[in-house]
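One structure is given here, and the rest of the page talks about it.
The values are calculated or read from the model by the stated rules, or taken from the named source; none is laboratory data. It should be emphasised that the depicted structure is a prediction, and the values quoted were computed from it without experimental measurement. In this analysis, Cβ positions are derived from the backbone assuming ideal geometry, glycine residues included, and neighbour counts consider all displayed protein chains.
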Amino acid sequence: MPHEKQKRPYLGVLFKCCHVYSRIYLNAAGTAFFGFCPKCGARIEVKARKGGSKSRFWTAG
Ligand SMILES: [Zn+2]
């Protein structure tokens, strides 16, 4: 994997569609995390919440 130059906040998510784990990153506005399933390309969006869940792991799909 390429080295990450930027330390953007991310979430680790499990894509149910393909049962694969990946990361999604905070968008420029800082309002939500966006990412794509590495296998099928399904898009996921998780809204960022202030003071929300401390969990960094989400299940998607
Ligand atoms: Zn998928």
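For Arg8, indicate whether it is of a type in the set (D, E, K, R) and either surrounded by 15 or more Cβ atoms within 10 Å (Cβ to Cβ) or at pLDDT 90 or above (or both).
No.
Consider segment 32-61. How many of its residues are in a strand (DSSP E or B), surrounded by 14 or more Cβ atoms within 10 Å (Cβ to Cβ) and modelled with pLDDT under 80?
Result for segment 32-61: 2.
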